[in-house]
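Here's the structure we're looking at; comments come further down.
The values are calculated or read from the model by the stated rules, or taken from the named source; none is laboratory data. On a predicted model such as this, the values are computed, not experimentally measured, just so you know. FYI the Cβ positions are ideal-geometry reconstructions off the backbone, even for glycines, and counts take in every protein chain you see. Accessible surface is based on the protein model in full, side chains and every heavy atom, while ligands, DNA and RNA are left aside. Shrake-Rupley method; radii C 1.70, N 1.55, O 1.52, S 1.80 Å.
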There are 2 protein chains.
Amino acid sequence: MENAPTASQDEGLTPNRTRSLSVADRIRSAILCGDFAPGEKLREVHLSETLGVSRTPIRSALQALAAEGLLDYAPNRGYAVRSFQTAEIVDAYEIRAMMEALAARFAAERGLSDAERAVIEGALADGDRLLAKGSLHDDDRVTYGSINFAFHDAIHSAARCRMLGEMIRLCQSVAPSSHRNIVAFEFDDVRRRHDDHHRIYDAILARDSYRAEILMREHVASVRSSLVRSMLKRAAGSTPPSSRLSAAG
Amino acid sequence: MENAPTASQDEGLTPNRTRSLSVADRIRSAILCGDFAPGEKLREVHLSETLGVSRTPIRSALQALAAEGLLDYAPNRGYAVRSFQTAEIVDAYEIRAMMEALAARFAAERGLSDAERAVIEGALADGDRLLAKGSLHDDDRVTYGSINFAFHDAIHSAARCRMLGEMIRLCQSVAPSSHRNIVAFEFDDVRRRHDDHHRIYDAILARDSYRAEILMREHVASVRSSLVRSMLKRAAGSTPPSSRLSAAG
DNA sequence: TCAACCAATAATGTATACATTCTTGCACAA
DNA sequence: TTGTGCAAGAATGTATACATTATTGGTTGA
């Protein structure tokens with residue numbers, strides 16, 4: 001009902017899309033959207049019936065998602081949604097800070113292509129324009145998210161290192177999996193980070209690899225700090241110790 | 001013939017070993033031993049006949065090895081042995097240097113368990129004993145390899161970060177896959193690196209996370225430098241430019 | 001009441017047949 | 001000779017039946 005037959009919806013744009021890959025995308029989205037509780041078991045037959053494909057592509061998709069770190073696997077016991085502790089998410093930002101710093105260093109050492117330079121300069125200009133307003137609405141935050149992604153993605157590409165890109169992807173797949181992870185950045189936070197972007201770009205252009213590395217490391221680490229601060233604030237605010245026990249179990 | 005029926009060789013020590021996992025281990029070993037040429041295609045039916053299992057566990061194993069980075073995959077075109085350029089191997093050491101440095105920092109921040117401390121002190125003492133001889137035979141180099149592994153593995157464990165451990169594993173799976181990668185370390189190299197181990201342990205014990213990180217980063221980076229030097233020397237020595245064209249194609 | 005045991009059930013693991021896609025080789029025309 | 005097109009073969013993708021392993025529930029014994 002809800003899902004059209006997969007075979008007939010092949011779109012010409014994406015040439016080789018196997019059922020396994022499509023199914024992996026759908027399950028991944030569902031996990032990241034929080035449709036499954038952490039630790040929840042994913043049964044093959046159930047997914048098979050829900051998604052309208054046989055168990056074979058389901059198994060393949062689950063294995064792929066486990067390799068991405070989204071699922072836990074135990075032989076003969078199947079797959080379960082991996083539950084990330086707060087500490088693991090914070091650690092992932094530390095790892096990502098190191099990896100992005102290395103990417104910035106590589107980019108500085110190896111130089112930017114014309115396309116990459118254009119993307120970065122576009123991202124910087126777009127950000128300048130957005131921040132010139134002096135405040136941010138929710139839509140603006142989404143927009144800045146795209147700008148931010150474009151900036152970092154161009155640097156990953158400029159690093160010319162496939163393994164580094166893969167590892168950064170792994171780090172990124174951890175954080176969004178936690179639902180309570182939407183940090184409402186303040187305007188000043190965003191402005192400061194956008195200023196970081198300018199400096200990092202300057203360092204890369206100047207082929208100053210050491211400065212590019214240090215700046216990027218601090219840049220990502222500051223996101224981690226904001227995250228921790230935000231989580232502490234929420235923990236203290238939303239569930240004060242007194243009201244906790246009085247709430248119905 | 002050569003392979004006993006997998007089902008009957010279940011050993012009590014390893015409880016849940018599926019055919020997929022066993023097959024993945026065998027193919028992984030074959031790749032790391034260089035039984036397949038870089039870029040060589042791995043056909044499912046062929047492997048299925050060779051290893052005496054059906055295509056199902058073969059496909060699962062190939063997907064796992066692709067996730068580990070040992071194989072390349074393209075939809076409808078199967079799997080091929082990933083060929084690592086020299087630059088990629090060198091880059092992997094840079095990545096590993098960052099990751100191991102972070103692991104050392106985490107270990108210093110979070111402390112060592114009694115077991116981890118015992119392993120490290122054992123590795124340091126064993127290394128001291130080996131190096132006291134003043135020279136190394138080939139057997140000694142193998143022995144020191146085990147000592148080195150024990151030291152680093154204990155620190156990975158002390159980092160208390162699963163994702164970090166997984167990423168370091170990924171880095172390590174790259175380097176050995178290149179055959180021309182056996183660096184014949186000189187005695188002085190090994191002695192210097194063992195001294196690094198002592199200093200790193202001291203820093204971790206002293207909870208000096210900054211020093212532990214810096215020392216470990218330099219420690220791994222020095223291996224990369226030795227590797228590069230060794231490759232340059234071999235390139236210059238074994239195939240001098242003059243003899244290159246005279247050799248039969 | 002509680003623990004251990006065992007059968008029934010349901011899940012995952014494997015083998016195999018079929019479907020789809022890619023590759024290969026040759027025929028044919030420019 | 002060279003390039004295009006097509007058909008045969010071989011490879012991968014999928015579905016399904018069967019095998020093996022976990023889990024569950026109840027029974028039995030203390």
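Across the identical copies, the 7 Å label point of B:Gly34, projected outward along Cα→Cβ, sits 5.3 nm from its counterparts, in ascending order. Which of the residues in region A:26-63 show a loss of at least 50 Å² in accessible area from their chain by itself to the complete set of protein chains, at a probe of 1.4 Å? Residues passing the criterion (a loss of at least 50 Å², heavy atoms only) are A:Gln63.
How big is the A-B contact in terms of buried accessible area, both chains counted, 1.4 Å probe, rounded to the nearest 100 Å²? Chains A and B together bury approximately 3000 Å². Using a cut-off of 15 Å between beta-carbons, work out the net charge of the residues near A:Arg110 (Lys and Arg +1, Asp and Glu -1, A:Arg110 not included). Here the charged neighbours net out to -3.
Here is the list for region A:114-173: trypsin sites (Lys or Arg not before Pro) lying in DSSP coil, each with at most 14 other C-beta atoms within 10 angstrom of its C-beta, are A:Lys133.
The heavy atoms of B:Thr143 offer some 60 square angstrom of accessible surface to a 1.4 angstrom probe.
Per-residue SASA remark: B:Glu49, around 140 Å² accessible (1.4 Å probe; ligands, DNA and RNA not included). Taking every alpha-carbon pair within region B:86-229, the share separated by more than 23 Å comes to 32 percent. Treating each Cα of region A:107-167 as an identical point scatterer and ignoring solvent, apply the Debye formula and state log10 I(q)/I(0) at q = 0.13, 0.14, 0.17 Å⁻¹. Results for region A:107-167 at q = 0.13, 0.14, 0.17 Å⁻¹ read -0.40, -0.46, -0.62.
Computed from backbone phi, the HN-Hα couplings of region A:70-78 come to 7, 10, 9, 10, 9, x, 6, 10, x Hz, rounded to whole numbers (Karplus: 6.51 cos²θ - 1.76 cosθ + 1.60, θ = phi - 60°; Gly and Pro given as x).
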